[in-house]
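The values are calculated or read from the model by the stated rules, or taken from the named source; none is laboratory data. Owing to the predicted nature of the structure, the values given are computational and were not obtained by experimental measurement. Reconstructed Cβ throughout: ideal geometry from the backbone, glycine too, with neighbour counts over all protein chains shown. Side chains included, ligands, DNA and RNA excluded: accessible areas come from the protein's heavy atoms. Shrake-Rupley method; radii C 1.70, N 1.55, O 1.52, S 1.80 Å.
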Amino acid sequence: MTSKIIPVEPFDYVIFGGTGDLAQRKLLPALYHRDHDGQLPEGARFIGASRGEYSQEAYQKFAHDALRKHVAEDQRSDDSLKRFLARLDYVRIDVQSDKGWDVLKAKLDDGMEGKIRAHYLAVGPALFGPITSQLEKFDLIDDRTRLVIEKPFGRDLPTAEKLNNEVGLHFREDQVFRIDHYLGKETVQNLLALRFANALFEPLWNCSHIDHVQITVAETVGVGSRAGYYDQSGAMRDMVQNHLMQLLCLVAMEAPATGDADSIRDEKLKVLKSLKPIPAENTVRAQYMAGAGPEGKVDGYLDELGDESDTATFVALKAEVENWRWSGVPFYLRTGKRMAMRMSEIVIQFKPVPHSIFGEGAGSPISNRLVLRLQPDESVKQWIMIKDPGPGGMRLKHVPLDMSFADNFDGHNPDAYERLLLDVVRGNQTLFMRRDEVEAAWKWIDPIFETWNETNQPVRSYTAGTWGPSQAIALIERDGRTWNDGDE
Ligand code: NAP
């Protein structure tokens with residue numbers, strides 16, 4: 001039995017940065033899909049805002065072009081495109097000036113009392129402060145207004161606190177939605193379902209039965225022409241501080257008392273606070289060199305940047321959660337650009353059986369492994385041992401109980417933004433990061449940078465198109481374990 005989709009009430013979304021890359025590739029397509037599926041109510045409207053000169057018609061044309069590029073053909077129909085585009089409007093605002101805000105206010109004033117209004121800041125974080133103060137100045141915030149902000153949430157603890165303080169001057173915490181789109185992925189939410197809607201896993205989900213956990217977020221793309229921008233962040237700030245740490249929290253947290261947003265976020269916060277400070281020898285940072293990408297021969301990071309830099313495009317860490325449940329269980333995290341394949345997954349490696357009753361001819365039992373593939377091809381695989389079928393005595397075989405989303409669920413597999421954008425309207429903050437979570441994550445990350453500087457931790461190299469530097473392989477192999485590298 002499946003549960004019902006919760007309907008949403010009428011709303012307006014203002015997309016600051018409505019002409020940017022994020023709006024074109026993710027936000028407009030996500031909103032279109034929800035409309036195409038009949039989930040948007042009458043009266044739902046989207047207003048793009050930026051400094052560009054667009055009439056309403058020109059913005060609708062702009063959005064139409066974006067949808068043709070980023071929505072699969074079989075998901076586009078003339079009727080639903082027409083319906084969606086009719087919901088779109090545009091306002092020209094330089095958010096650092098006073099011009100245009102009264103036009104936005106007039107557009108929002110459609111006489112619908114108590115309508116939900118969400119402001120999505122798809123702009124650089126330097127504009128979060130100016131936009132939130134202008135929203136207040138022009139009387140565009142009430143009890144039902146919501147604010148959506150995109151990472152990066154600072155580049156360290158002090159800058160994150162500053163950003164949160166700026167936003168907090170004008171919005172209550174329950175009005176602020178910090179998006180980490182990884183949390184909107186089906187498989188990530190499935191982790192909650194697997195852990196807390198089954199009796200099977202939870203008794204085993206601890207240091208008595210789990211040997212270690214691996215979390216990999218590997219990309220094949222490089223940074224190319226965005227090298228200058230990327231160099232300000234790097235893999236640690238761009239991926240580890242948010243995506244990987246959020247995944248770690250969902251794996252490691254205790255069962256919350258209820259499924260509501262704050263119960264879940266309270267438990268994730270406890271995990272962040274239990275992370276053991278990490279010594280330099282349990283970290284590897286590296287940059288890709290020239291090698292192979294999906295498009296053929298590719299340049300190295302420093303060539304793309306055209307400068308010297310110690311910004312890492314790859315990071316591997318051996319983390320530990322210091323509490324009763326996880327004592328002694330390593331969490332190996334790694335992420336990188338220009339890796340051998342595009343793949344994000346969580347591997348829960350169980351301990352071996354205490355004693356094998358099978359003779360040598362049967363082969364040794366291989367330890368159970370639960371693999372949650374986030375992308376591509378979202379799936380959950382539970383690897384178990386069975387008897388190899390057929391005559392010839394007992395031979396053990398390692399096979400997956402395989403739940404692939406594409407094979408088991410028909411139709412369009414929704415992008416994370418589709419879910420998250422409507423959760424904002426519903427006021428459901430479960431899949432969004434709370435202020436204290438963001439700050440607790442920086443409290444753990446900042447000392448890693450300090451350790452790197454103090455110990456002059458070398459920036460290693462890896463050839464583009466590989467699984468990272470040999471030191472990252474050594475990080476796990478010196479403990480007698482191996483990375484899963486997408487094999488299982
Ligand atoms: P982008 O392509 O550079 O777009 C920026 C948008 O902001 C444009 O619409 C731009 O339009 C508008 N803008 C800039 N200055 C403005 C001002 N003073 N007043 C009004 N509008 C202004 O950036 P993006 O890639 O979409 O990223 C937006 C934010 O999302 C960034 O913080 C980024 O880190 C984050 N993010 C992006 C992605 C992604 O996939 N792209 C993923 C995760 C997070 P005008 O220049 O015409 O004003």
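Per the listing PHE153, PHE171, PHE177, PHE128, the residue uniquely touching a residue at least 24 places away in the same chain (Cβ under 8 Å), part of a loop (DSSP other than H, G, I, E, B), at negative phi and within 16 Å of the ligand (Cβ to nearest atom) is PHE153. Those strands (runs of 3 or more DSSP E) of segment 297-350 in which at least 2 residues are among the polar types (S, T, N, Q), considering only elements entirely within it, cover 343-350. Screening ARG92, ARG25 for residues that are touching a helix residue (DSSP H, G or I) at 6+ places or on another chain (Cβ under 6 Å) and within 13 Å of the ligand (Cβ to nearest atom) leaves exactly one candidate, ARG25.
Contact map, segment 69-81: first residue surrounded by 10 or more Cβ atoms within 10 Å (Cβ to Cβ), second residue in a loop (DSSP other than H, G, I, E, B), Cβ cut-off under 6 Å, separation 6 or more or different chains; pairs are GLN75/HIS412. Could you please find all residues in segment 91-125 being under 16 Å from PHE153 (Cα atoms) and outside any strand (DSSP E or B)? Hits for segment 91-125 are ALA122, VAL123, GLY124, PRO125. Do the conditions hold for LEU183, that is, is it within 16 Å of the ligand (Cβ to nearest atom), at pLDDT below 95 and open to solvent by less than 10 Å² (accessible area, probe 1.4 Å)? It is true that LEU183 is within 16 Å of the ligand (Cβ to nearest atom), at pLDDT below 95 and open to solvent by less than 10 Å² (accessible area, probe 1.4 Å).
Of TYR32, TYR59, all but one fail to be buried (at least 21 other Cβ atoms within 10 Å of the Cβ), at pLDDT 95 or above, away from the ligand (no atom under 15 Å from the Cβ) and not in a strand (DSSP E or B); the exception is TYR32. When every residue of segment 82-89 is checked against the conditions, at least one turns out to be within 16 Å of the ligand (Cβ to nearest atom) and either open to solvent by less than 70 Å² (accessible area, probe 1.4 Å) or more than 16 Å from VAL167 (Cα to Cα) (or both). Inspect segment 1-9 for any residue being over 27 Å from the mean Cα position of the chain (by Cα), touching a residue at least 24 places away in the same chain (Cβ under 8 Å), open to solvent by less than 30 Å² (accessible area, probe 1.4 Å) and closer than 28 Å to PHE128 by Cα and give the result as yes or no. No, segment 1-9 contains no residue that is over 27 Å from the mean Cα position of the chain (by Cα), touching a residue at least 24 places away in the same chain (Cβ under 8 Å), open to solvent by less than 30 Å² (accessible area, probe 1.4 Å) and closer than 28 Å to PHE128 by Cα. Candidates ASP446, ASP487: the one that is open to solvent by less than 50 Å² (accessible area, probe 1.4 Å), more than 30 Å from ASP143 (Cα to Cα) and not hydrophobic (A, V, I, L, M, F, W, C) is ASP446. Once segment 345-359 is narrowed to residues that are within 30 Å of GLN241 (Cβ to Cβ) and of a type in the set (Val, Ile, Thr), the residue that is surrounded by the fewest Cβ atoms within 10 Å (Cβ to Cβ) is VAL347.
Of the residues GLN214, GLN189, the single one that is assigned to a helix (DSSP H, G or I), under 17 Å from GLN375 (Cβ atoms) and touching a residue at least 12 places away in the same chain (Cβ under 8 Å) is GLN189. Scanning segment 158-166 turns up no residue that is of a type in the set (Val, Ile, Thr) and in contact (Cβ under 8 Å) with a residue 24 or more places away in the chain.
Scanning segment 142-151 for residues that are at pLDDT 95 or above and open to solvent by 20 Å² or more (accessible area, probe 1.4 Å) yields a single hit, ARG146.
Out of segment 95-124, which residues are open to solvent by less than 40 Å² (accessible area, probe 1.4 Å), away from the ligand (no atom under 12 Å from the Cβ) and among the aliphatic types (A, V, I, L, M)? The answer is LEU108, ILE116, ALA118. A count restricted to segment 295-322 and to residues that are closer than 30 Å to LEU204 by Cβ and open to solvent by less than 10 Å² (accessible area, probe 1.4 Å) stands at 5. In segment 323-344, how many are surrounded by fewer than 23 Cβ atoms within 10 Å (Cβ to Cβ) and charged (D, E, K, R)? Summing the residues that are surrounded by fewer than 23 Cβ atoms within 10 Å (Cβ to Cβ) and charged (D, E, K, R) in segment 323-344 gives 2. Yes or no: ASN323 under 18 Å from the mean Cα position of the chain (by Cα) and among the polar types (S, T, N, Q)? No; evaluated as a whole, the condition is false for this residue.
Would you call ALA292 open to solvent by less than 30 Å² (accessible area, probe 1.4 Å) and not hydroxyl-bearing (Ser, Thr, Tyr)? Criteria not met by ALA292.
When the residues of segment 1-22 are filtered to those that are modelled with pLDDT of 95 or more and of a type in the set (Ser, Thr, Tyr), the one that is nearest to the ligand (Cβ to nearest atom) is THR19.
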